[in-house]
1. Does segment 104-115 contain any residue that is more than 19 Å from the chain's Cα centre (by Cα) and farther than 26 Å from Leu49 by Cα?
2. Give the residues of segment 15-40 that are farther than 20 Å from Asp315 by Cβ and among the hydroxyl-bearing types (Ser, Thr, Tyr), sorted by residue number.
3. Just one of the numbered conditions (1) more than 21 Å from the chain's Cα centre (by Cα); (2) touching a residue at least 12 places away in the same chain (Cβ under 8 Å) is not true of Thr370; which one?
4. Take the residues in segment 157-215 that are among the polar types (S, T, N, Q), in contact with a strand residue (DSSP E or B) (Cβ under 8 Å, 6 or more places away or on another chain) and assigned to a loop (DSSP other than H, G, I, E, B), then tell me which one is nearest to Val411 (Cα to Cα).
5. Among the residues of segment 270-323, write down those that are over 30 Å from Leu178 (Cα atoms) and of a type in the set (Ser, Thr, Tyr).
6. If I ask for residues that are touching a Leu at 6+ places or on another chain (Cβ under 9 Å) and of a type in the set (Asp, Glu), which ones from segment 196-254 would you list?
7. Only one of (1) among the β-branched types (Val, Ile, Thr); (2) crowded, with 16+ Cβ neighbours inside 10 Å; (3) closer than 24 Å to Ala333 by Cα fails for Thr10. Which number is that?
8. Can you pull out the residues in segment 67-104 that are crowded, with 21+ Cβ neighbours inside 10 Å, aromatic (Phe, Trp, Tyr) and at pLDDT 95 or above?
Amino acid sequence: MSEARDRSETFRVAIRRFGPFESAIQKQWVDFQRETGCPLHLEWESLDLNPLVDSLFTQGGLEDGTWDIAFVVTDWLADAVHEGLLRDLAPAMRADPVPDYPAGWVPVLTGMQQFGDAVYGLPYHDGPECLVYRTDLFADAAEQQAFVARFGYPLDVPRTWEHFEDIARFFTRPADGLYGTVFAAFPDGHNTVYDFCLQLWSRGGELTDATGRPTLATPRAIAALDFYRRMVNDRSVTPPGLEAVDSVKSGELFASGAVAMMVNWFGFAAVCEQPGCPVKGKTAVTTLPSAEGMPPASFIVYWLLAVAAGSPHPDQAYAFARHCCTPAMDKLATLAGAIGCRLSTWSDSEVNALIPFYSELARLHEGTRTLPRSRALPAFIHIIDEAVQAAIAGPEPTATILTRAQERAVVLQL
């Protein structure tokens, strides 16, 4: 914290910048105060990914009393726990259990924050990567006829990356303000890495061998990055300026009606069902495409409410995190546009009436994968991100880029 401040009457939350998070947290705090009588005044700050990392880790906000609760993504856990930056919630959970924990969630959403008997956060926002697409465009008879005439096979939701590219090319019409697809190529060490992983896994490749050593220069990795760099740089399939587009902006482009389909988090599909959205009632989700003959891959990271080790209000911080994870508050977050994590929310009749594809979440979680939980993960992610950015920005052959990345990564043990 840059200067001393009186925190005796304030409760501070660091939020990953996303409108539904901001709305939900404020409503949940009001409900928390109504139920508990907590006298603290809520202060929240909404930060993009890099500034959030800077505040929590570089500036020491998790340990110096700047924050009580922070939005922490599962990628960051290994380092945060090793450095002692998060409070273990297990003792508080034994004294005042979270209702239905862990049985009220799918197992993948309670595993990453568990270190032995310790628990370092509660699941707040979920949603695996999936294919989000415009049902009105795919169902349009004129579009179907034109697609068959051009490509020689029926227009349908793509099951292979080859068909995905054809469909993206077909729907890209800059003069009409429409693009076939969009990728979040902003260099924040997140979505470019995730997209590479999905391309790799959906081609049968792996990031590491059985011993946890990186394997970045394989033929399947080269094919994965070749496809990705081509799509990002091809203006006949994607809009210009993707180097400035993060996952939130890509979701906003889809929600505006400017994109026919995208590989993105489930949450950005759910936002499309909010009142006033131009594509409300015209959006659906399904599993991702894959290489011919390969099963689809999916990927998940999720956001936790974590209690900062330096919080001056640790008891209230746990109580608020617990409150946010109750069935009513998980549903509230969902109705605000976030993605609730509870099984009860996914099957809720009101939620499914408003967002008809919400019931797909359980199916979309089948076979989801995560990145290795390792202290070496940030370094590995940095190497992958630099490789992807080099591929996007320049003409160097993909094999050369990935060979150089492998030479740097070979010392890591994931």
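The values are calculated or read from the model by the stated rules, or taken from the named source; none is laboratory data. Please read these numbers as outputs of a predicted model, since none were measured by experiment. All Cβ positions, even for glycine, are placed from backbone atoms using ideal geometry, and neighbour counts span all protein chains on display.
1. Applying the first criterion (more than 19 Å from the chain's Cα centre (by Cα)) to segment 104-115 yields 104, 114-115.
In the following step, the residues that additionally are farther than 26 Å from Leu49 by Cα were identified as 104.
Yes.
2. The one that is farther than 20 Å from Asp315 by Cβ and among the hydroxyl-bearing types (Ser, Thr, Tyr): Ser23.
3. Unmet for Thr370, out of (1) more than 21 Å from the chain's Cα centre (by Cα); (2) touching a residue at least 12 places away in the same chain (Cβ under 8 Å): (1).
4. Keep residues of segment 157-215 that are among the polar types (S, T, N, Q), which gives 160, 172, 181, 191-192, 199, 202, 208, 211, 215.
Pick out the ones that are also in contact with a strand residue (DSSP E or B) (Cβ under 8 Å, 6 or more places away or on another chain) and you get 160, 172, 181, 202, 208, 215.
Right, trim to assigned to a loop (DSSP other than H, G, I, E, B) and you get 172, 181, 202, 215.
Values: Thr172: 43, Thr181: 36, Ser202: 26, Thr215: 11 Å.
Among them, the one singled out is Thr215.
5. Once the filter is applied, which keeps residues that are over 30 Å from Leu178 (Cα atoms) and of a type in the set (Ser, Thr, Tyr), segment 270-323 yields Tyr302, Ser311, Tyr318.
6. Hits for segment 196-254 are Glu206, Asp246.
7. The one condition Thr10 does not meet is (2).
8. Listed by number, the residues that qualify are Trp67, Phe71.
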